[in-house]
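Trainee: Below you'll find the structure I mean.
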Amino acid sequence: MASASSTLSPPAPRRDASDAGRPGLGLLVLLAATFVIALDIFIVNVAIPSIQDDLHASAASIQWVAAGFGLAVATGLITSGRLGDIFGRRRVFAIGLALFTLTSAACGAAPSAGTLIAARVLQGLSAALMSPQVLAILQSAYAGKAQARAFGMYGMTMGVGAVFGQLIGGLLIKADVLGLGWRACFLINVPVGLAALALAPRALAESRAPRRPRLDNVGVLLSTVAVVALVLPLIQGRAQGWPLWTWISLAGSAAVAALFVVHQGRLGRAGGDPVLNTALFRQPGFSRGLLAQLVFWTGQGSFFLVLALYLQGGRGLSALGSGTVFLSIGGGYLLTSTTVHRIAARMGAATVPVGALLMAAGLGGLWAAVHASGSTGGLGELVPGLAVDGLGMGMVIAPLTRAALGTAGPQLVGSASGAVATTQQIGGALGIAVIGIIFYGAIGDGARDGYPHAFGLGLAFLLVLESALAVLTATLAVGGGGRDA
């Protein structure tokens, strides 16, 4: 994520980082942007009933309030990573942050559902401009123990936004600050964005690829089409009963993705500048790191969804009440995510698999509690499993991201960041699609007593994913060694 004005980033230096910037303050700016992006993915779920009532929106329109943002984010990430390499990561970050702040205000002021959907799509594209730059700056501006700490704080912030998003949204709507209602869920981004934007020019060092690449327009087009054709049916398919167009789109995505890979390889061999440099896949562990990201985020997005559905539909809690239960995950998550750089320095390659096994143990405990109590037991029975799952999450997010980027040098870090961020988004969409089939297929007529069975099946699917993640990451290098920044 990069800076806003050409006067703030001198064009002369092409080395990976300039002499400017204040690392401590810069990290705060990057984390603020990371937080509002993660928050916006989850907070909208709480606001949807109020939005629907206030704007008299149809069910299809209200679905696109959430889906439009996710689709736009996924679409722009690979290209945005390359834009940071070309124009400077600080510059692209700040442009994205400014646009995100502006579109958040537009969401909060939207007079109709159509306007809100358009603003959410633009907000998603703005988030896509920022996300790869955050990862690229963390990888290029910090090293050794400082980098491990920075990625640890990044992982903690992502988790806090995800875990506490529903609670924060419920509190904002209940407080009804200045009579804003659901609009406060979007407008909360504005002061955070403005503060981060004011600090970015002096807090962040400008960085870019050592040799300024050219933008691969054909690669941009192919990657955009491939991602849209993949993510759109995953978002819309279950609700529409998986009509023929969804299968055509998925098949088309695979075909376009194959063309994209062939084009990128040819361009790279010819000495050009592919938008996703295939040299990355020759780096030790990068492909496995991407696959691990896909598995992990397939589980994360789907888990938060079915947990919220179970708590509200199966236990009869309000959005605020179910958000309070999420604190159990948050407590465990904060405990490990704030110290994960020390854990990784001691445990090395065992960090992520041990974290995945802890998540599996927590989910297993949660399954046992749900199986025993159904829809009538006390909520306290769920706390131990949720807390253990949170402990595991805190050990996985940051080290896994750092491992995927760890072998990308200055020339490849923007491309790698875009690939990692895109994989995270695709994993989230895939997980929600699969868990939707499992959960809604098992819930029957929607009666409360059907929720425990559906949730249990969802947990079984997630247990398989976490076990696969533990095996897949058994030899990934995630330790905290190296030189200090």
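No value in this document is a laboratory result; all are computed from the given coordinates. No experiment lies behind these values; they were computed from the predicted model shown. In this analysis, Cβ positions are derived from the backbone assuming ideal geometry, glycine residues included, and neighbour counts consider all displayed protein chains.
Trainee: Listing TYR142, TYR440 from the residue with the fewest other Cβ atoms within 10 Å to the one with the most, what is the order? Could the numbers behind the result be given before it?
Mentor: Values: TYR142 20, TYR440 15.
Least crowded to most crowded, the residues run TYR440, TYR142.
Trainee: Hey, another quick one. Just check the chain against the gyration tensor rule for me: Cα atoms, a ≥ b ≥ c as the square roots of the eigenvalues, rounded for a/c under 1.5, and otherwise prolate or oblate depending on whether a/b exceeds b/c.
Mentor: rounded
Trainee: Modelled label-to-label distance, LEU194 and ARG288, 7 Å Cα→beta-carbon offset: nm?
Mentor: For LEU194 paired with ARG288, the spin-label model returns 4.9 nm.
Trainee: Angle check, please: helix 327-337 long axis (alpha carbons) against the longest principal axis of the chain (alpha carbons), in degrees 0 to 90, nearest 10.
Mentor: 30
Trainee: Now a separate question. If each DSSP helix of 4+ residues adds -39,500 (n - 2.57) and the sum is divided by the residues in the chain, what number results at 222 nm, nearest 500 deg cm²/dmol? Walk me through the numbers on the way to the answer.
Mentor: Values: 17 runs with 356 residues, N = 485.
Using -39500 (n - 2.57) per qualifying helix, the result is -25500 deg cm²/dmol.
Trainee: Bin by bin, in steps of 5 Å, what percent of the Cα pairs in region 276-475 do you find, going until the bin that has the longest distance?
Mentor: Bins of 5 Å from zero give 1, 8, 15, 19, 19, 14, 10, 7, 4, 2, 1, 0 percent of pairs.
Trainee: Once label points are set 7 Å from the Cα along Cα→Cβ at both HIS56 and VAL262, what is their separation, rounded to one decimal in nm?
Mentor: Taking the two extended label points, one gets 5.2 nm.
Trainee: Using label points projected 7 Å from each Cα along Cα→Cβ, tell me how many nm separate ALA460 and ALA109, to one decimal.
Mentor: With each label point 7 Å from Cα toward Cβ, the separation is 5.2 nm.
Trainee: Under 1.5 on a/c is rounded, so check that first for region 219-344, then, if it is not, pick prolate when a/b is larger than b/c and oblate when it is not; a ≥ b ≥ c are the square roots of the alpha carbon gyration tensor eigenvalues.
Mentor: Oblate.
Trainee: Could you work out the longest stretch of the chain that avoids the trypsin sites (Lys or Arg not before Pro) located in DSSP loops with at most 10 other Cβ atoms within 10 Å?
Mentor: Counting only loop sites that pass the neighbour cut-off, the longest clear stretch is 215-482.
Trainee: Show log10 I(q)/I(0) for region 48-87 at q = 0.19, 0.24, 0.31 Å⁻¹, two decimals, from a solvent-free Debye sum over equal Cα scatterers.
Mentor: -0.60, -0.74, -0.95
Trainee: Now for a separate question. If you line up the long axis of helix 113-141 against the longest principal axis of the chain, both from Cα atoms, how many degrees apart are they, to the nearest 10?
Mentor: Taking Cα atoms only, the helix is inclined about 50 degrees.
Trainee: Can you give the relative contact order of region 276-475 as a percent, counting alpha carbon pairs under 8 Å and 6+ residues apart?
Mentor: Once divided by the residue count of region 276-475, the mean separation gives 41 percent.
Trainee: Within a 10 angstrom radius of the beta carbon, how do PHE93, PHE461 rank from fewest other beta carbons to most? Could the numbers behind the result be given before it?
Mentor: Details: PHE93 32, PHE461 20.
With the fewest neighbours first, PHE93, PHE461 line up as PHE461, PHE93.
Trainee: Also: To test your reading of the geometry: what angle, between 0 and 90 degrees and rounded to tens, separates the Cα axis of helix 59-87 from the longest principal axis of the chain?
Mentor: The helix 59-87 is inclined about 20 degrees to the chain.
Trainee: Mind pulling the per residue volume of the convex hull built on the Cα atoms of region 216-266? Å³ is fine.
Mentor: Each residue corresponds to 51 Å³ of Cα convex hull volume.
Trainee: Could you line up PHE326, PHE151 from fewest to most neighbouring Cβ atoms inside 10 Å?
Mentor: So the residues, fewest neighbours to most, are PHE326, PHE151.
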